[in-house]
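Report on one structure; see the data block that follows.
The values are calculated or read from the model by the stated rules, or taken from the named source; none is laboratory data. Everything numeric in this text was worked out from a predicted model, so none of it was measured. Every residue, glycine among them, receives a Cβ derived from its backbone with ideal geometry; neighbour counts consider all protein chains shown.
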Amino acid sequence: MNAEVIIKENPTINDKPKQVKTRKKLPVVNKDFKLEKYNWHILRRVIHVVCVAVFVALPFFNIMRFDIPRQRFYFAGYEFWINEFAIIFFSLLFLMFIIAAMSMLYGRVYCGYLCPQMIFSEAAFNLEEKIKTFINKRFAKQSLNVRGWLNRIAVYTILGIASVFLAFVFISYFIEPRDLFGRLISFDIVTAGGFAGAVVTLITFADFAFLRTTFCKTVCPYGYLQGILGDNDTLVVHYRDPKEICVECNKCVRVCHMGIDIRNSPYQIECIHCGECVDACKSIMGKFGEDTLVHYAWGEKGELLGDKKAPWYKRIGLRDIKRIAVFAIILIYGTALFTAFSMRHSVMVTIAPNRATLYRKGEDGMIYNTFRMTLANRGNKDSTVSLSLDLPNGKINLPSNEIPVKAGDSIQQEFEISVPAKSLELEVNHFEITAVANPENTKDTFQETFIMPVETKK
Ligand code: SF4
Ligand code: SF4
């Protein structure tokens, strides 16, 4: 049976009403069609909730935080000191490389699914819509002007509170949260941390109250970068209508927070490949027993995402040698970083000779060489360090060979190593000092030299 179909949807703030150009006659074979439970919209919502939880949890549990006053970088349970800048630098570089690689393989998946700017902009849109609906229902008898003011007051109040919270979380990445909370409740805008908090709150409020996705379309460089990183095989959202059955309902346009029409091109700079228009079209075309006309596809000409006819490696995005190389680099880089993390000792020991004086002759007939030791406990438990050496007849002169170093402390200590005057034949004697940190039971060895006076030679 054929039926003439006119589709009307509730208008949203993104409405860009278009004139219905044509009315298509399509067989309505599935009047009870409902969009599947697991669609892109739901997936995005779940990912957004997880991202917000992660964004809040990272600084509060020291999973990732750069403590500027203490000059410490916390990452995945490790505490890095500023003198370990190399490992911090290469970790951040790795994260940036992953984002760039993801852009090449999967297009703007970061923008559509993970970007905080997008997540909070959409949340602000949705909040505004819900408040507008509530006020229009609750205060239906009030004038349009009064309802408009009520709407603005409610939206800006909630966004103001949310901005304080978000700015607090953001600044917590750089300042210890308890310290920051103290500054917040004392309305401190004089210290650098308090001032930064106030400025970030204002910027956050202006962003989510007024700027929102305009930021993505105008300021954010990532969208422009995508044009360089992507190619003909990159995942895009693409409109394909081989049967020419589009009913011009414009739902794909109305649901788009970026305010574009995906039918014009899959390569519009505003398109964040979020897939909302895929669901929108599916919800319309499904009613006619047809598949969506908007799909995720591997480039303009490539097969659709999830096409079972394609080999598995193509289905996960490894579509050419360039992508396989990028994937291999990620694996190698990640393995190297993991190895560097696992080889790192929480108690860092450095030992070097103090050659201001080459040696000292003691009245006890011993020859002394001086060494300088630095101990840095980068862990969260107190430790002790003990030294041993493989120098014949050598002795370490320390008050105690269990040197305590508290968690977070760094100490320097000089000590002497002595040998009997005639016990070594050479002027320069190579030996090894071993430092063991407990309770971690980590071991470091240092190749050193012991200098003897010339006259001690036989
Ligand atoms: S066109 Fe579709 S995929 Fe692109 S931003 Fe709009 S809704 Fe998302
Ligand atoms: S592509 Fe789909 S959602 Fe967009 S106007 Fe055509 S039928 Fe409607």
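Can you name the residue in region 411-458 that is modelled with pLDDT of 90 or more and among the hydroxyl-bearing types (Ser, Thr, Tyr) and, of all such residues, is farthest from the chain's Cα centre (by Cα)?
418
For region 400-422, how many residues meet the condition of being part of a loop (DSSP other than H, G, I, E, B), of a type in the set (S, T, N, Q) and crowded, with 16+ Cβ neighbours inside 10 Å?
Qualifying residue count, region 400-422: 0.
Picking from 98, 82, which residue would you name as being at pLDDT below 90 and of a type outside the set (Ser, Thr, Tyr)?
Just one listed residue meets the conditions, 82.
For region 283-312, enumerate the residues that are small (Gly, Ala, Ser) and more than 16 Å from ligand 1 (Cβ to nearest atom).
286, 289, 302, 306, 310
Matching residues to (1) surrounded by 17 or more Cβ atoms within 10 Å (Cβ to Cβ); (2) free of Cβ contacts under 8 Å to residues at least 24 places away in the same chain; (3) within 16 Å of ligand 2 (Cβ to nearest atom):
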| site | (1), (2), (3) |
| --- | --- |
| 194 | yes, yes, no |
| 200 | yes, no, no |
| 205 | yes, no, no |
| 221 | no, yes, no |
| 226 | yes, no, no |
| 234 | yes, no, no |
| 237 | yes, no, yes |
| 252 | yes, no, yes |
| 259 | no, no, yes |
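Within region 267-282, how many residues are within 9 Å of ligand 1 (Cβ to nearest atom), surrounded by fewer than 21 Cβ atoms within 10 Å (Cβ to Cβ) and within 20 Å of residue 304 (Cα to Cα)?
Adding up the residues that qualify gives 1.
Mind telling me which of the residues 245, 272 ends up being within 8 Å of ligand 2 (Cβ to nearest atom), of a type in the set (Val, Ile, Thr) and not assigned by TED's automatic domain parsing to the domain that holds residue 127?
245
Among the residues of region 291-304, write down those that are buried (at least 19 other Cβ atoms within 10 Å of the Cβ), more than 15 Å from residue 106 (Cβ to Cβ) and of a type outside the set (S, T, N, Q).
293, 294
For region 158-193, give me the residue count where each residue is polar (S, T, N, Q) and over 29 Å from the mean Cα position of the chain (by Cα). Working first, answer last.
Let us first name the residues in region 158-193 that are polar (S, T, N, Q), namely 163, 172, 186, 191.
Pick out the ones that are also over 29 Å from the mean Cα position of the chain (by Cα) and you get 186.
Qualifying residue count, region 158-193: 1.
Filter region 56-74 down to the residues that are of a type outside the set (A, V, I, L, M, F, W, C) and either over 14 Å from residue 193 (Cβ atoms) or not in a helix (DSSP H, G or I) (or both) and list them by number.
At the first step, the residues of region 56-74 found to be of a type outside the set (A, V, I, L, M, F, W, C) are 59, 62, 65, 67, 69-72, 74.
Correct list: 62, 65, 67, 69, 70, 71, 72, 74.
Inspect all residues belonging to region 69-78 and state whether any of them is more than 20 Å from residue 341 (Cβ to Cβ) and not assigned by TED's automatic domain parsing to the domain that holds residue 410.
The answer is yes, given that some residue of region 69-78 is more than 20 Å from residue 341 (Cβ to Cβ) and not assigned by TED's automatic domain parsing to the domain that holds residue 410.
Which residue, of 127, 92, is outside the structural domain of residue 296 (by TED's automatic domain parsing) and either among the aromatic types (Phe, Trp, Tyr) or under 24 Å from residue 328 (Cα atoms) (or both)?
92
How about region 328-366: which of its residues are touching a helix residue (DSSP H, G or I) at 6+ places or on another chain (Cβ under 7 Å) and either farther than 23 Å from residue 85 by Cβ or among the β-branched types (Val, Ile, Thr) (or both)?
Within region 328-366, just 330 meets the criteria.
Answer yes or no as to whether residue 332 is at pLDDT 90 or above and surrounded by fewer than 18 Cβ atoms within 10 Å (Cβ to Cβ). Let's see the steps before the verdict.
Details: at pLDDT 90 or above: yes; surrounded by fewer than 18 Cβ atoms within 10 Å (Cβ to Cβ): yes.
Against the criterion (at pLDDT 90 or above and surrounded by fewer than 18 Cβ atoms within 10 Å (Cβ to Cβ)), residue 332 qualifies.
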